[in-house]
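No lab work stands behind these numbers, since they all come straight from the coordinates. Everything numeric in this text was worked out from a predicted model, so none of it was measured. All Cβ positions, glycine included, derive from the backbone under ideal geometry; neighbour counts span all protein chains shown.
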Amino acid sequence: MSRLVRRPLAVLEWRADLPLSFRYEGRRYQVRWILDEWWEMGDWWNAGRDRRIVRVWTEDGACMDLECEEGVWRVYRIWD
C-alpha cells in the first residue's frame with residue numbers, strides 16, 4: 001500500500017540531476033538506491049505539466065516516489 005502526500009522537500013545533495021539526500025518534514029533522508037525513474041504527462045486538456053518521478057530506497061528503509069515539476073522537488077508517494 002502507499003499514500004499520496006505531494007509535499008515539498010529540500011534537496012541537500014545531488015548526484016548528477018537527482019537528489020542524493022534530502023530533508024522532508026524535519027528529517028534527513030539519504031538515498032541508497034534509485035529503483036526506477038519515469039515521466040508522467042500532464043493533463044493536456046487542462047494545460048497540465050509533465051513531471052519526472054523517481055522511486056528511491058533510503059538508508060533507513062523507506063521507499064518513496066519523488067516528483068519534480070518545473071524544477072520543484074516533492075515527496076509524491078510513500079510506500080508501506
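Listed highest first by mean packing, meaning other Cβ atoms within 10 Å per residue, what order do 17-28, 42-53 come in?
Descending mean neighbour count gives 17-28, 42-53.
Below 12 angstrom from the Cβ of residue 76, what's the summed charge of the other residues (Lys, Arg +1; Asp, Glu -1)?
+4
Any chance you could list P(r) for the chain, counting all Cα-Cα pairs in 5 angstrom bins from zero, rounded to whole %?
P(r) for the chain, in whole percents per bin: 3, 15, 27, 29, 14, 7, 3, 1, 0.
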